[in-house]
Amino acid sequence: MEFIRNYLISYELSDTWVRYLSIAIMIAFIIIVCILANFIAKKIVIRFIIGIIHKNKFTWDNILLESKVFHRLSHLVPAIIIFYSAAIFPTYQSTIEKFAITYMIIVALGLLNSLLTAFHDIYKTYEISKIRPIKSYIQVAKIANYIIGTILVIANLLGENPIILLSGIGALSAVFMLVFRDSLLGLVAGIQLTANDMVRVGDWIEMPKYGANGDVIDISLNTVKVRNFDRTITSVPSYALISDSFINWRGMQASGNRRIKRSLFIDITSISFCSEELLEKCKKIHLLKDYIVHRQKEIEEYNQKHQIDRLANSVNGRALTNIGLFRAYITQYLIHHPGINEEATLMVRQLAPTENGLPLEIYAFANTVVWTEYESIQSDIFDHLFAVAQEFGLRLFQMPTGSDLKNIPHILDNAQMNKRNVEFVAKK
């Protein structure tokens, strides 16, 4: 500064002009030095670092580069130059130093924020990140980072000790709890979700209350994002997964099997004992031949042993029924079906009769968890069963439809015509 002042004085300028011009020249010089330093840091030093990063085999340093950690670090250079240049202006030294420190704190906050982001991105490259997500913790660390940074900036501008400001926060704790209520609940929920391994990224969860039915794509501090199967995104509050119930299909996906649990409703009036004609017909079904032969022999031995005469009344003793044969056929059909897991639970059972008929429930497990394959297997099975039920003399129950109601007059006309024919024959 003295050199510039003496140089200007040699031109016989007034003291006022010398003072203002020397300050302006010095400020311009400092700005040029800052620009050059920033240029060197970004264009030379960072490019050198980028070259080293691209040549090595590590991936974590590439993530640091993508998070702009090194670029943010370069912003500290101009701030440091300005801070140490403050002594040139004694009148404004304190103010310049405060603003320079404030800028350095802000840059440091951004740098730390980028480091946290980079750390999370690096962590996500490992498989454990799907089991133990840490995004909520990273978000809490960022919030704490911003709070502490704000306190340091305010303390620096006011010239006060940060500890004094921190002590005053205790009086505002109730306000902070109100403002950050969702974040605090989300933090507690995130800890419980992670500790208990309740949900992971990639899990299929179902939560009807929030309209969520799909795959978890993100677990953050406040929300869990679910991509539904219709490609919509549903955001569920993190604490809702703790306070409310939800279905996680991870166990099903991990087992490789998916349950089929669906019923056929049989018209009860179509259930009857098997006639000889029906038995001979069913013996030609390769899945039932051995079963019928074995059961007939067993029933005949039982009836002979207990001296039961079925010719007197069909109610006496034991006999095969068409619903029993149908159940046996379904069981054998499922056992031999390539899409059904034979080692898992497999049964065909009757549920309590209802006004819609007798529910014949199929309980089995498909050997796939792929949705389209599962639905195809289930549809193929029931397509077949709907078609073969009538082969056993059974009718599937169905509520009357519009076409049924339209046919009522035609049915009545036929009935009346048959009645007249009978009467005419009787008279003759």
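Fraction of C-alpha pairs exceeding 20 angstrom in segment 200-256: 14 percent, rounded to a whole number. With all protein chains in place and ligands, DNA and RNA left out, the 1.4 Å accessible area ranks ARG231, ARG200, ARG258, ARG181 as ARG231, ARG181, ARG200, ARG258, largest first. Take the Cα of ILE32, step 7 Å toward its Cβ, do the same at ASP380, and the gap between the two points is 8.2 nm. Cα-Cα pairs above 22 Å in segment 305-397: how many percent? It works out to 42 percent of all Cα pairs. Taking the Cα centre of segment 79-153 as reference, the dipole from Cβ charges on Lys and Arg (+1) and Asp and Glu (-1) amounts to some 300 debye. Against the empirical curve 2.2 N^0.38 Å, the C-alpha radius of gyration of segment 88-161 lands at a ratio of 1.53. At an R0 of 45 angstrom, the distance between the Cβ atoms of LEU396 and GLU127 translates into a FRET efficiency of 0.40. For the pair VAL370 and GLN307, label points projected 7 Å from Cα toward Cβ lie 6.4 nm apart.
Taking a Cβ cut-off of under 14 Å around ALA387, the surrounding Lys, Arg, Asp and Glu residues balance to a net charge of -2, with basic ones at +1 and acidic ones at -1.
Quick one, what does Rg over Rh come out to for segment 318-361 if you take C-alpha atoms and the Kirkwood Rh?
1.04
Once the Cα-Cα distance is subtracted from the 0.36 nm per residue extended length, the ILE163 to LEU184 segment shows a gain of 5.2 nm.
How far apart, in nm, are two points set 7 Å out from the Cα along the Cα-to-Cβ line at ARG318 and at THR150? Roughly 8.1 nm, to one decimal. If you roll a 1.4 angstrom probe over the protein chains with everything in place, what fraction of the accessible area of segment 302-396 belongs to carbon and sulfur, to the nearest %? Taking all protein chains in place, segment 302-396 shows 50 percent carbon and sulfur surface. Structure note, pairs LYS98/LYS135; LYS261/LYS297; LYS209/LYS261; LYS261/LYS305; LYS124/LYS261; LYS124/LYS225: Cα-Cα distances above 28 angstrom occur for LYS98/LYS135; LYS261/LYS297; LYS261/LYS305; LYS124/LYS261.
The values are calculated or read from the model by the stated rules, or taken from the named source; none is laboratory data. From a predicted model like this one, the values you see are computed outputs, not experimental measurements. Because the Cβ atoms are built from the backbone with ideal geometry, glycine has one as well, and the counts that use them run over all protein chains shown. Each accessible area value is taken on the protein alone, full model and side chains, heavy atoms only, with ligands, DNA and RNA left out. Shrake-Rupley method; radii C 1.70, N 1.55, O 1.52, S 1.80 Å.
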